[in-house]
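Here the structure comes first, spelled out in structure tokens, and everything after it is commentary.
All of the numbers you see were taken from the coordinates with simple rules; none came from a lab. Predicted model only: the values in this text are computed from it and were never measured. Ideal geometry is used to build each Cβ from the backbone, glycine not excepted, and the neighbour counts take in all protein chains shown.
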Amino acid sequence: MLKLLSSSSACLYAGRTCTRLCSSTSTSTTPTSPPFNLPLISELIEKQHWSEFKTHLKDSSFVTVARQLFDAGADSMIILRYFTWSQKDPKFTHPLELTCRLLHSLANVKEYPDIRAFLDRFVRSHENHSVSSIFHLLATGGSQFCANCVIVDMLVLAYVKNMRTRLGFEAFQRAGDYGFKLSKLACNPLLSGLVKENEIGCVEYVYKEIIRRRIEADLFTFNIVINGLCKVGKLNKARDITNDMKARGIPPNVVTYNSLIDGYCKMGGLGKMHKADAILKEMVAYNICPNEITFNILIDGFCKDENVASALKVFEEMKQGLKPNVVTYNSLINGLCCNGKLDEACGLRDEMLRFGLKPNIVTYNALINGFCKKKRMKEARELFDDIRNQGMAPNVITYNMLIDAYCKDERMEEAYALFHSMSERGVSPNTSTFNCQISGFCRQGNVGTARKFLDEMESRGLKADPITYNILIDGLCKGGKSRKAERLLNEMFKKGLSPSHVTYNTLMDGYCREGNMKAALNVRVQMEKEGKRANIVTFNVLIKGYCMKGKLEVANKLLNEMLEKGLIPNRTTYEVVKEEMMDKGFLPDIDGHLYNISRS
DNA sequence: ATAGGGTTAG
């Protein structure tokens, strides 16, 4: 078998010319082939008598035999069996032309489950045929148009199911070029895969094409698209699609509304919970009943909005008709912990135990985080030990929180001991784990050791992220080495990392502190060249820098520029301005803003 | 086949 394969591609092209030129009765392609006895060969394949099969065809390549089978009009199931058998050799590659021929022959006799299984293996195999070549051979293979539509539909599905979403998307596009009509059976999973991979641009494209190509869309189609748009904050578009579906006679359901509510909750900004609440009212008005998940989304939204009081109100409302679950409690416990209300958080933990709900690792992490932030390390550690007693295992987040807390408490050895023990327990450190420790060393002014951690992390195959660099840049700046810090920007670019606002602001702050306003302004220019507009922190840093140099006129000019750009001064701005400018007789034009700030 | 929770930098 194997030694014959090397010549298979030559055979393929010779064969193609041959089948085109000769009449269809031609069954023998090479003069050396033994006479082809279809009934006998078919029987041997069907009964899987492979050794006997080989003795009959010992000199023929796979391509030759396959072509003989096709040309002799063998049963498609027999040919499929032959293909499957030849796949036992993992290095074997079927010529794509024959694969397409097999697909056609299976489609013509409507053996759909077999096509599905075959394509599943096909996309998983190492044979990386390009989507365009597959389409080309399918379209020129002279099969019925409908057969091709089915095959392509199943091909898209096979790609998506096997995590080759990009290829699935490409096949979707090609299907449009060739005019092959797809079904929602392929399109819905494709959309779902694209959402999971955050390819929302592609999701929007596929949705538009589904409408344009008149592919039947169902409730799932719309919900997947709406969910994808909500996840990236494109709420207006999501609402438009909600209207589209209504117009097409598919009313939104609870899932649709949950996605929208979640979108508004995560959007951030002022009044977001008000908008989320408005959607809730709308859904109730349409007689769609909120479920546990609706409430979980709202509760989490209020918690993240630092409004635990409202979250608790919604929680009470939920208990009237629905049963809170672990996620509900986790959101509340986390909300309470982030606001330092540890007793109440523990109370809720006890309540969930009374209701027969078992705290999971997320519950523990929320509580541990709460204690860590209050520097109550002893209790945090007790909770950490309790995880194992409860038959669970701490995960990388648990470790990261504790390591970070020990570092912030300047207990670097304890942090390092945990760092060591996590590997022993089979939890691999990630970039954050290193960032916490790098940050710890920088805080102690030990940038050298911090830098060594970065190298150590990369030697373990973990990539530094922009945060790693922000930490190091901040460390160098605080040590009065802003020039050296600026060199790290180039290192970032070399690694394909793009500096964020934080990176530039940190560096500017460094130069400002050194009194080097010229260098600080240069950084701003560079930042804006990179398409990042100055934000509140940028202005705060620069204003403070000029104030410290006594250049209050320039500081005042910057303050006005900030207001003109619609940036609302925050507490830091207020403090800088108050201490440095107002006390020295400057009356910056931020009266109204000042009122808001002093109240907040 | 669609929905929910926890860590790091200014």
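Sorting check: for A:254-263, A:459-468, which peptide has the highest mean count of neighbouring beta carbons within 10 Å, and how do the rest follow?
Averaged packing, sorted descending, gives the order A:254-263, A:459-468.
At a Cα cut-off below 23 Å, give the lysines reachable from A:Lys481, other chains included and same-chain residues fewer than 8 away excluded.
Output for A:Lys481: A:Lys408, A:Lys452, A:Lys494, A:Lys495, A:Lys518, A:Lys544, A:Lys549.
Find, among the GluC sites (Glu not before Pro) in the range A:382-416, those assigned to loop by DSSP (not H, G, I, E, B) with at most 12 other beta-carbon atoms within 10 angstrom.
Here the GluC sites (Glu not before Pro) that fit, given the DSSP loop and packing criteria, are A:Glu410.
What distance in nm lies between label points placed 7 Å from Cα along the C-beta direction at A:Ala309 and A:Glu413?
Going from the A:Ala309 label point to the A:Glu413 one covers 4.7 nm.
Could you tell me the largest-minus-smallest coordinate of the C-alpha atoms of the range A:430-533 on each of the three principal axes, in descending order and whole angstroms?
Largest to smallest, the principal-axis extents are 38, 28, 16 Å.
Take the alpha carbon atoms of the range A:313-442, find their radius of gyration, then divide it by 2.2 N^0.38 Å using N residues; give the quotient. Don't skip to the end; give the middle numbers.
Numbers: Rg = 15.7 Å, N = 130, 2.2 N^0.38 = 14.0 Å.
With N residues counted in the range A:313-442, Rg over 2.2 N^0.38 Å equals 1.12.
When the Kirkwood radius is taken over all Cα pairs of the range A:90-245, what Stokes-Einstein diffusion coefficient follows at 10 °C and 1.306 mPa s, in µm²/s?
99
Which whole-number value in Å³ per residue fits the convex hull of the alpha carbons of the range A:108-175?
It is 76 Å³ per residue.
May I ask you to list the GluC sites (Glu not before Pro) in the range A:290-362 that are in a DSSP loop and have at most 14 other Cβ atoms within 10 Å of their Cβ?
When the GluC sites (Glu not before Pro) of the range A:290-362 are filtered for loop state and at most 14 Cβ neighbours within 10 Å, A:Glu306 remain.
Just to check, using Stokes-Einstein with a Kirkwood Rh over alpha carbon pairs, what's the diffusion coefficient of the range A:39-149 at 25 °C and 0.890 mPa s in µm²/s? Could you put the intermediate results ahead of the total?
Numbers: Rh = 14.6 Å.
Estimated diffusion coefficient is 168 µm²/s.
What ranking do A:372-378, A:293-299 get when scored by the average of other Cβ atoms within 10 Å per residue, highest first? All intermediate terms of the calculation are to be shown ahead of the outcome.
Working: A:372-378: 15.1, A:293-299: 24.1.
With the highest mean Cβ count within 10 Å placed first, the list reads A:293-299, A:372-378.
What does the range A:339-388 give for Rg and for Dmax, in Å, if only its C-alpha atoms count?
Final numbers for Rg and Dmax: 10.5, 31 Å.
Quick one: net charge around A:Glu580, please, counting Lys, Arg +1 and Asp, Glu -1 for every other residue with C-beta under 13 Å from its C-beta.
Taking every other residue near A:Glu580 into account, the sum is +1.
Starting from a Cα-only point model with no solvent, please compute log10 I(q)/I(0) by Debye for the range A:266-372 at q = 0.10, 0.12, 0.16 1/Å.
Per q value, in the given order, log10 I(q)/I(0) is -0.28, -0.40, -0.69.
For chain A, just run the numbers: alpha carbon Rg, then divide by 2.2 N^0.38 Å, N being how many residues it has.
After normalising by residue count via 2.2 N^0.38 Å, the value is 1.31.
If one computes the Cα centroid of the range A:175-195 and of the range A:132-158, what distance in Å separates the two points?
Comparing the Cα centres of the range A:175-195 and the range A:132-158, I get a distance of 13 Å.
If one puts a single equal scatterer on every Cα of the range A:244-312 and applies the Debye formula without solvent, what log₁₀ I(q)/I(0) results at q = 0.18 Å⁻¹?
One equal scatterer on each Cα of the range A:244-312 leads to -0.64.
Taking a 27 Å limit on the Cα-Cα distance, which of the listed pairs A:Lys58/A:Lys161; A:Lys91/A:Lys161; A:Lys266/A:Lys319; A:Lys237/A:Lys463; A:Lys234/A:Lys358 fall beyond it?
Checking Cα-Cα distances, A:Lys58/A:Lys161; A:Lys237/A:Lys463; A:Lys234/A:Lys358 exceed 27 Å.
When the helix-only estimate is applied to chain A (DSSP H runs of n ≥ 4, each -39,500 (n - 2.57), divided by the residue count), what is the mean residue ellipticity at 222 nm, nearest 500 deg cm²/dmol?
Rounded to the nearest 500, the figure is -22000 deg cm²/dmol.
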